[in-house]
1. Among the listed residues Gly12, Gly50, identify the single one that is modelled with pLDDT under 85 and either surrounded by fewer than 18 Cβ atoms within 10 Å (Cβ to Cβ) or touching a Gly at 6+ places or on another chain (Cβ under 6 Å) (or both).
2. Kindly indicate whether any position in region 246-255 is outside the structural domain of Thr125 (by TED's automatic domain parsing), among the aliphatic types (A, V, I, L, M) and not in a helix (DSSP H, G or I).
3. What do you reckon, is Ile101 among the aliphatic types (A, V, I, L, M), part of a loop (DSSP other than H, G, I, E, B) and touching a helix residue (DSSP H, G or I) at 6+ places or on another chain (Cβ under 9 Å)?
4. Among the residues of region 117-127, which ones are out of contact with any Phe, Trp or Tyr (no Cβ under 7 Å at 6 or more places or on another chain) and surrounded by fewer than 22 Cβ atoms within 10 Å (Cβ to Cβ)?
5. From the list Ser146, Ser188, Ser174, Ser153, which one is crowded, with 19+ Cβ neighbours inside 10 Å and closer than 29 Å to Leu124 by Cα?
6. Among the residues of region 26-36, is any in a loop (DSSP other than H, G, I, E, B), modelled with pLDDT of 95 or more and either not assigned by TED's automatic domain parsing to the domain that holds Glu93 or not acidic (Asp, Glu) (or both)?
7. Could you grab me the full set of residues in region 52-76 that are touching a Phe, Trp or Tyr at 6+ places or on another chain (Cβ under 8 Å) and part of a loop (DSSP other than H, G, I, E, B)?
Amino acid sequence: MATRYLMLIALGTAVIGSARGCPEQCKCTGKVSLQLTDCAYKDLLEVPEGLPSNVTTLSLSANKIKVLKSKNFINVTQVTSLWLAHNEIVTVERGTFAPLIQLKNLDISHNKIVHFPWEDLTNLTALHLLKMNNNDMVSIPKDTFSKLKELRSVRINNNKFTTIVQGTFDALISMSHLQIFHNPFTCSCNLEWLRDWINKSSISIPEQNNIVCDAPSHLKGTQVTSMPKLDCKAPSVSITYQPNIEKNELNEGYMVMLYCETKGTPKPEVTWEIYAGNQLITFPLPAIVEKIEIPINGPPTNARFLVASFVGSEKNFNPSELEEGEGEADGGEGDGEGEDVEGSVVTESIPESQSKTQEEFEVGSEYSDRLPLGAEAVNISAEINGNYKQPR
């Protein structure tokens, strides 16, 4: 009987030990409900295996990690604070953060991330702090924050965002702090909403003097909040063709000239979509000048055209099917200007055989905007408790 009790005690000890196991390179401390695993400053090349399953605060900052894999955090679902700043992260696999449904603080700042799996954030409904600053990110989907009702502070400054889509922050009903400075914004019609939103917003948006236009050239260095009101007009597209053969079919060797006329400010970007047999061919209509060199309120640009041959036999082509605005020329918004733009495509049928509140979150919580030194490197709980205030 005594032997049986000893075996049960040993088994229980083994189970507890496995839950609190700690990778050799890391230091694990804390109480039952608050477990800190500190793996910072260890020259780690990857996320270590064998992290304790009950860890709540995990620091992997100041290492040499380049890739975050989808399997890295599947066994540490109790993590509420994850610090990954000051690594060399380039790749974040889809699904990496999705299991961390209790996560409140996520810091991946000061890395080299260009493409981030934004869909992972959908699961992180408890998130309060999101630090993504000092990376190389270029775009952010409009619905990124649609599920993050508890998010208080967003830091996406010092990236390479040229625009932010209107409505991106609409779902953030708890947000009190936003950092977007030092991004190369293109001050076109697409960014007018941001100017007005910042001017009217009651949340903390620091360093507004560094939220500036990078393009077009004549507005470079202008604060977004001071960018002039633009003459923005919705794009329209019309297509004509020569000769007028609405009721005729095209046979092999017949040639038709299609003209695409677009209007709008900013100048629409035109993409042709042409069916050749069962194949859809898509190609853009090129611009003569670079977008950033086109003045926002400048004169119309010259006509643009592209000559192309149909690939495949077009014996059943009927020009009457080209209805205005149906997408044979797809007009999307561009960053340049010019109200009237005309493009043309020559299509030729060839034989088939030839075709090929500020009070809730203090701005001072800068855990990893600088490289922590000495005791500060491991004092993560002090960072959270000292700088993060729970709402009253």
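1. Details: Gly50 fails: modelled with pLDDT under 85.
Answer to the check: Gly12.
2. First pass over region 246-255, keeping only residues outside the structural domain of Thr125 (by TED's automatic domain parsing): 246-255.
Pick out the ones that are also among the aliphatic types (A, V, I, L, M) and you get 250, 255.
If we keep only those that are not in a helix (DSSP H, G or I) as well, we get 250, 255.
The answer is yes, given that some residue of region 246-255 is outside the structural domain of Thr125 (by TED's automatic domain parsing), among the aliphatic types (A, V, I, L, M) and not in a helix (DSSP H, G or I).
3. Working: among the aliphatic types (A, V, I, L, M): yes; part of a loop (DSSP other than H, G, I, E, B): yes; touching a helix residue (DSSP H, G or I) at 6+ places or on another chain (Cβ under 9 Å): yes.
Answer is yes for this residue.
4. Pro117, Trp118, Glu119, Thr122, Asn123, Thr125, Ala126
5. On the way: Ser146 fails: crowded, with 19+ Cβ neighbours inside 10 Å; Ser188 fails: closer than 29 Å to Leu124 by Cα; Ser174 fails: crowded, with 19+ Cβ neighbours inside 10 Å.
Of the residues listed, the single one that is crowded, with 19+ Cβ neighbours inside 10 Å and closer than 29 Å to Leu124 by Cα is Ser153.
6. First, pick out the residues of region 26-36 that are in a loop (DSSP other than H, G, I, E, B): 26, 31-34.
Keeping just the survivors that are modelled with pLDDT of 95 or more gives 26.
Still in the list and also either not assigned by TED's automatic domain parsing to the domain that holds Glu93 or not acidic (Asp, Glu) (or both): 26.
Yes, that holds for at least one residue.
7. Leu60, Ser61, Ala62, Asn63, Phe73
Here's the yes/no breakdown for (1) under 30 Å from Val256 (Cα atoms); (2) surrounded by 12 or more Cβ atoms within 10 Å (Cβ to Cβ); (3) under 25 Å from the mean Cα position of the chain (by Cα):
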{"position": "Trp193", "(1), (2), (3)": "no, yes, yes"}
{"position": "Trp197", "(1), (2), (3)": "no, yes, yes"}
{"position": "Asn209", "(1), (2), (3)": "no, no, yes"}
{"position": "Val224", "(1), (2), (3)": "no, yes, yes"}
{"position": "Met227", "(1), (2), (3)": "no, yes, yes"}
{"position": "Ser236", "(1), (2), (3)": "yes, yes, no"}
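The values are calculated or read from the model by the stated rules, or taken from the named source; none is laboratory data. A quick note: this is a predicted structure, and the numbers were derived from the prediction, not measured. Positions of Cβ are backbone-derived with ideal geometry, glycine not excepted, and every protein chain shown enters the neighbour counts.
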